[in-house]
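Here's the structure we're looking at; comments come further down.
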Amino acid sequence: MPDIFVSYAREDETRVRLLVRLLEAGGWNVFWDRTIPPGETWHSWIGRNLDQASCVMVAWSEQSIGSDWVREEADEGKRRRVLIPLLLDEVTPPLGHRSVQAADLIGWVGDSESPKVDTLVGWVKAKIGDPAIAKSTPRADAPLEAAINSGSATDPLKFPSPDIRDGPPNNLQEHPRSPKPAGDADVTPERGRVADSARPHDRSNWKLQRLWLLGIGGLLLALLLLGVDGWLTTQQRTWNTLRIWGLAKMGLYQGPEMIAIRPGEGKFPATFEMGSTEGGEDEQPVRTVEFAKPFAIGRYEITFDEYGAYTLDEGLAQPDDRDWGLGDRPVLDVSWDDSEDYIAWLNTVTKKGPKERFRLPSEAEWEYATRASTTTIYWWGDEIQQDGGVWANCDGCSSKWDNEQTAPVGRLPANAFGMHDTAGNVYEWVEDCWHNNYENAPDDGSAWLETNDEDCDLRVIRGGSWYHYPGYLRSANRDNRSGDSGNVTVGFRLAQDLPD
């Protein structure tokens, strides 16, 4: 039968071991090792020792105050009026135990001569009496570990008896336990020796059990990850898609990376000339556009990963990537209607209000941001391979993806505003309905949705693609497509309203 049952969190084992060895060196039989002997169950083994202990010592710490097991054992000690609590850390014990005075062992590192230990031992003696047989005492100037392991038994451990005036608090006062019969004098040390000799073996077993559990846990985790990875592959989605979807479900997703455009401030000119006299009639008349309000525009085209979070959440099929790869390649084969559905979902999961809503850019916003203060044919100059560089992905741009497939976003140079792939890679939907020219077009940067023989069954696309010749990549070039149909050359980029 243990004299003292020590309740503690597993994370505090190192600190508790110092206390246990000191108590055992004083002659008390301490139950603290939670290794379960063969043939026993956890509840029966712990419960029996808890019931038989003459004293329940609970070690409150940052870890143990949250442990249901420690709380339950402390409750049992309190119910039996044999509880001695102690503080390892500066914590507030759980409700139901805050009125019970606790011994202060905060910062104690194993010094057997510490006044803190003297006080605790005094409480233990007052609670259960002196140990039947005291073991050897460590020297005051020797480390506790060396004294305990020295094997010296010449002097009994000298724990100072508590002054009656400084005795344990009233809520710990009880009649001392009756002295043990003489016949039991040789039982306690024997019990202690058996427990001491068995403990290294028990700890080895516990280490083996822990390694076995970690191995099983690792195997189960690997199988789970393989299963998820296989599912993602069959669904044409990636781990990054799963990450974005998870953030969206938790309300933490803020949307794609955007660039704030504030015409008239800093590097952003207040106006620009939209259209070209060198293109077709649909690019004329050239007009001056002065923006009524700031806006933001996507640094990259929307990728399969980003679009995939939407289709996953809505239970929709992922667009076909043509075996070119998912991830950070631009989503393709999406209609104008598809892009609007994605935007509605994005505004919902990001909780964007009317003043910060995501949307498609207007045609004027798109050309202004693409030109980035330039007036040349392309934003980098008048030649498709200006200065011998590779600036875009098209049929004739000299990139490794030319006329073969899309490129991952951001792999080619950005314009002066920091936007990638505005020329080539994929055509990009804008908000506007199709008009055959710019007669009566708005000059405030807004989308053109009505008047002048508009056709809103057709929507404007801009920028050219991996499949098209360089002429289609001109900053002023316009084209159109039915708003309800997708194409392997068409994707989209986002815009966003900004507060004035």
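The values are calculated or read from the model by the stated rules, or taken from the named source; none is laboratory data. No experiment lies behind these values; they were computed from the predicted model shown. In this analysis, Cβ positions are derived from the backbone assuming ideal geometry, glycine residues included, and neighbour counts consider all displayed protein chains.
Table: residues versus (1) of a type outside the set (S, T, Y); (2) under 25 Å from W345 (Cα atoms); (3) touching a Pro at 6+ places or on another chain (Cβ under 6 Å); (4) part of a loop (DSSP other than H, G, I, E, B).
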site	(1), (2), (3), (4)
C397	yes, no, no, yes
A416	yes, no, no, yes
C456	yes, yes, no, no
I461	yes, yes, no, no
G471	yes, no, no, no
R481	yes, yes, no, no
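Here W366, W324, W345 are screened, and the one residue that is assigned to a helix (DSSP H, G or I), more than 16 Å from W429 (Cα to Cα) and in contact (Cβ under 8 Å) with a residue 24 or more places away in the chain is W345. Note on the range 301-341: residues that are surrounded by fewer than 23 Cβ atoms within 10 Å (Cβ to Cβ) and among the hydroxyl-bearing types (S, T, Y) amount to 1.
When P442 is tested against the conditions (1) buried (at least 24 other Cβ atoms within 10 Å of the Cβ); (2) in contact (Cβ under 8 Å) with a residue 60 or more places away in the chain, the lone failure is (1).
Cβ-Cβ contacts under 6 Å between residues 6 or more apart (or on different chains), taken from a first residue in the range 234-257 that is surrounded by 13 or more Cβ atoms within 10 Å (Cβ to Cβ) to a second residue that is modelled with pLDDT under 90 and among the hydrophobic types (A, V, I, L, M, F, W, C), are absent. Since D341 meets every condition but one in (1) more than 29 Å from F272 (Cβ to Cβ); (2) charged (D, E, K, R); (3) touching a Gly at 6+ places or on another chain (Cβ under 9 Å), which condition does it not meet? It is condition (3) that D341 fails.
Summed over the range 18-32, the residues that are over 24 Å from R81 (Cβ atoms) and either surrounded by fewer than 17 Cβ atoms within 10 Å (Cβ to Cβ) or in contact with a Ser or Thr (Cβ under 9 Å, 6 or more places away or on another chain) (or both) give a count of 2.
Can you tell me which residue within the range 418-445, out of those that are assigned to a loop (DSSP other than H, G, I, E, B) and under 40 Å from the mean Cα position of the chain (by Cα), is nearest to T370 (Cα to Cα)? It comes out as T422.
One residue alone among R243, R237 is among the charged types (D, E, K, R) and assigned to a loop (DSSP other than H, G, I, E, B), and that residue is R237. Among all residues of the range 380-387, there is none that is aliphatic (A, V, I, L, M) and under 19 Å from R493 (Cβ atoms). Residues of the range 246-290 that are in contact with a strand residue (DSSP E or B) (Cβ under 8 Å, 6 or more places away or on another chain) and assigned to a loop (DSSP other than H, G, I, E, B): G255, P256, E257, P263, F268, A270, G275, V286. From the list R474, R459, R493, pick out the single residue that is in the same structural domain as N347 (by TED's automatic domain parsing), over 15 Å from A369 (Cα atoms) and not aliphatic (A, V, I, L, M). Result: R459 is the single residue among R474, R459, R493 that is in the same structural domain as N347 (by TED's automatic domain parsing), over 15 Å from A369 (Cα atoms) and not aliphatic (A, V, I, L, M).
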